[in-house]
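Trainee: One structure, pasted below without further comment.
The values are calculated or read from the model by the stated rules, or taken from the named source; none is laboratory data. Every value quoted in this text rests on a predicted model; they were computed, and no experiment measured them. Counting neighbours? That spans all protein chains shown, and the Cβs are built from the backbone with ideal geometry, glycine included. Keep in mind that these areas ignore ligands, DNA and RNA; they rest on the heavy atoms of the full protein, side chains included. Shrake-Rupley method; radii C 1.70, N 1.55, O 1.52, S 1.80 Å.
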Amino acid sequence: MVSSKELTSSTLRRLVAGAAASLSVLAVSAGPAGAQADPEAPCTYADLVLPPRVGISSRYTYPAAEVETDCWPPAESHPENLSMKWKAHAPSGRVGPEPVWYHSLSNPTQRDLDPPPYIFDHTSPGRWTWRPVSGYVDQRDSTRELTADEMNTPAVDVRVTSRAGITATRSGGKVTVSTRATRFWTSTAAFGTWGGAVGLIQYRVPGTTPWLGLKNVASDPYGRYSYTYTVSARREYRVLLFNATHVFGGSSTSSAPA
């Protein structure tokens, strides 16, 4: 469902194009076996599809990517060339690595993303965008160029990733829950302590699903936090780290019973 706020002229054009394509497919389905849609139908859009967020945990990060377009796939009997390029732009204003290139030039019956989009660990985190550079498709004896409005500008939230750990120990009627927080540091290309990490210790009765909040967490300069309280019941514990400006939070990978 598209809201009126989202219904831009570009969105409306693509909805109309999609409806027309659906009618075309229905018509083809009703025709002779093996019939295909008209390869002369003009292309109306090409979208680079990227995940909404990408966490950096190594020198190079390659987010999953694909291109959605209504350009008809090239056929063996009628090879066609298509080429679309997007260029990455970092929040700092710097231009990223070489353009993402989606094309069929190396093989007219196969499309490739070459190179795939990637992010250096030393580039600035924040909101990255991939802006269209150029796009065209050869259709028989003519070349159809895509306008900037017919190619999208995907945005991605880029931050470094973090890791959370937790242990719980019991001494009589008291339980001590200890947490630790680390994050990826681009200066060393490795995970290290995350001082000042904010989060929440949660607990639940073993064998049940709901997690309940127990204590807020604010780690020391070494990424550590400890909380001791009195409780007789046996419980499981986990810690959630909240997102920070340049860091994605997350949950401890395992719970700690005590």
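Trainee: With the structure loaded, tell me whether residue 129 is within 20 Å of residue 249 (Cβ to Cβ) and surrounded by 14 or more Cβ atoms within 10 Å (Cβ to Cβ) or whether it fails that test. Before you say what the answer is, go through the steps one by one.
Mentor: Working: within 20 Å of residue 249 (Cβ to Cβ): no; surrounded by 14 or more Cβ atoms within 10 Å (Cβ to Cβ): yes.
No; evaluated as a whole, the condition is false for this residue.
Trainee: Return the residues of the range 61-91 that are open to solvent by 40 Å² or more (accessible area, probe 1.4 Å), modelled with pLDDT under 75 and either closer than 19 Å to residue 128 by Cα or not hydrophobic (A, V, I, L, M, F, W, C) (or both); say none if nothing qualifies.
Mentor: 73, 76, 77, 79
Trainee: Quick one: how many residues across the range 216-248 are surrounded by 20 or more Cβ atoms within 10 Å (Cβ to Cβ), on the phi < 0 side of the Ramachandran plot and not charged (D, E, K, R)? Walk me through it before giving the result.
Mentor: Start the filter on the range 216-248 by keeping residues that are surrounded by 20 or more Cβ atoms within 10 Å (Cβ to Cβ), which leaves 217, 219, 223, 225, 235, 237-239, 241, 247-248.
Restricting the remaining residues to those that are on the phi < 0 side of the Ramachandran plot gives 217, 219, 225, 235, 237-239, 241, 247-248.
Add one more test, that the residue is not charged (D, E, K, R), and what stays is 217, 219, 225, 237, 239, 241, 247-248.
Residues in the range 216-248 being surrounded by 20 or more Cβ atoms within 10 Å (Cβ to Cβ), on the phi < 0 side of the Ramachandran plot and not charged (D, E, K, R): 8 in total.
Trainee: Right, something else. Could you list, in sequence order, the residues of the range 93-112 that are surrounded by fewer than 16 Cβ atoms within 10 Å (Cβ to Cβ) and either at pLDDT below 75 or assigned to a strand (DSSP E or B) (or both)? Outline the logic, then answer.
Mentor: So in the range 93-112, the residues surrounded by fewer than 16 Cβ atoms within 10 Å (Cβ to Cβ) come out as 93-95, 97-98, 105-107, 109-110, 112.
Correct list: 93, 94, 95, 97, 105, 106, 107, 109, 110, 112.
Trainee: Just need a number here: residues in the range 163-190 that are open to solvent by less than 80 Å² (accessible area, probe 1.4 Å) and more than 15 Å from residue 215 (Cβ to Cβ). Break it down into steps so the answer makes sense when it comes.
Mentor: The initial filter retains those residues of the range 163-190 that are open to solvent by less than 80 Å² (accessible area, probe 1.4 Å), namely 164-168, 172-173, 175-179, 181-184, 186, 189-190.
Subset that is more than 15 Å from residue 215 (Cβ to Cβ): 165, 172-173, 182-184, 186, 189-190.
Residues in the range 163-190 being open to solvent by less than 80 Å² (accessible area, probe 1.4 Å) and more than 15 Å from residue 215 (Cβ to Cβ): 9 in total.
Trainee: Of the residues that sit in the range 141-162 and are open to solvent by less than 50 Å² (accessible area, probe 1.4 Å), touching a strand residue (DSSP E or B) at 6+ places or on another chain (Cβ under 6 Å) and not in a strand (DSSP E or B), which one is farthest from residue 87 (Cα to Cα)?
Mentor: It comes out as 161.
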